[in-house]
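To start, the structure itself, in structure tokens.
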Amino acid sequence: MSRQLRVLVVEDEEAIRTGLIDVLVFHGYQTDSATTGPEGLEKALTGRFDLILLDIMLPGMDGYEICDRIRAVDRDQPIIMLTAKTSDEEIVQGLKLGADDYVPKPFSVQQLVLRIEAVLRRSQVGRQQARTLNLGKIEIDTENLCGGGGGKEIAFTKREIEVLTYLAENADRPVSREELLSKVWGYARSLDIETRTVDIHIAKLRRKIEVDPKQPAHVITVRGAGYRLVLDG
């Protein structure tokens, strides 16, 4: 028998927290919860969870800081942020800090479950991939989520490595944003903001691996087609 997947719910509003736990238990997940930022951070760092559902507005410490501090010690922990804030700037901030996805409030149960399943699916798939990627002077260790070259060390998130790996596996052609959302994020279809999620991750990767992120030599934009990875350069 396979073990139950564990989800930590960090949410201060009792009705939402209780509803989330009920939904998760109904779908077969084991749950734990926290009602404040500091409690959520402590549980996230000391427990072992397959996924963290993290509200942004929390007493004592907001979700942005919690996400940032989790990522400082664990780049691999799947995190979905729950937010009543829907401006691009606020969503982008969460994604830049390393959240795998976000779900805006109010949300439907079906949408939430699909997002959870997509993130968990991507976190559990053991890709058969090359251990290293070479991009010019930068060598990337895809297993250990790190790289280096030119006198600098680079840390990557698991999602960034998944994007690079998929682009590398399809380096002979441009890969569309929609294809990345389907194959890397696990979404059946995309919305406008989800497409921007791809662009945000590409921008983060360029800042890490390109000599000049504004004139990339490795992650190239192919107008009207998507992105292509140039392995030599």
Checklist entry - Out of all the residues in the range 141-169, which are in contact (Cβ under 8 Å) with a residue 40 or more places away in the chain and either among the small types (Gly, Ala, Ser) or not in a loop (DSSP other than H, G, I, E, B) (or both)? => result 147, 154, 155, 158, 159, 160, 162, 163, 164, 167, 168, 169
Item to check | Flag if residue 4 is assigned to a helix (DSSP H, G or I), of a type outside the set (Lys, Arg) and in contact (Cβ under 8 Å) with a residue 12 or more places away in the chain | outcome: no
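Can you tell me which residue among 212, 232 is at pLDDT below 90 and surrounded by fewer than 18 Cβ atoms within 10 Å (Cβ to Cβ)? Steps first, please.
Numbers: 212 fails: at pLDDT below 90.
232 is the lone residue from the list that is at pLDDT below 90 and surrounded by fewer than 18 Cβ atoms within 10 Å (Cβ to Cβ).
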Checklist outcome for this item: Note on the range 77-112: residues modelled with pLDDT of 75 or more, part of a helix (DSSP H, G or I) and exposed (fewer than 15 other Cβ atoms within 10 Å of the Cβ) are 109, 110, 111
Checklist outcome for this item: Checked against (1) within 11 Å of residue 8 (Cα to Cα); (2) modelled with pLDDT under 90; (3) not in a loop (DSSP other than H, G, I, E, B), residue 48 satisfies every condition except (3)
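Among the residues of the range 141-153, what is the count of those that are of a type outside the set (S, T, N, Q), touching a helix residue (DSSP H, G or I) at 6+ places or on another chain (Cβ under 7 Å) and buried (at least 19 other Cβ atoms within 10 Å of the Cβ)?
Narrowing the range 141-153 to residues of a type outside the set (S, T, N, Q): 141, 143, 145-153.
Then drop every residue that is not touching a helix residue (DSSP H, G or I) at 6+ places or on another chain (Cβ under 7 Å), which leaves 145.
Retained after the next criterion (residues that are buried (at least 19 other Cβ atoms within 10 Å of the Cβ)): none.
Total meeting the criteria: 0.
The values are calculated or read from the model by the stated rules, or taken from the named source; none is laboratory data. Model, not experiment: these values are computed from the prediction. When we count neighbours, we look across all protein chains shown, and the Cβ atoms used for this are built from the backbone with ideal geometry, even at glycine.
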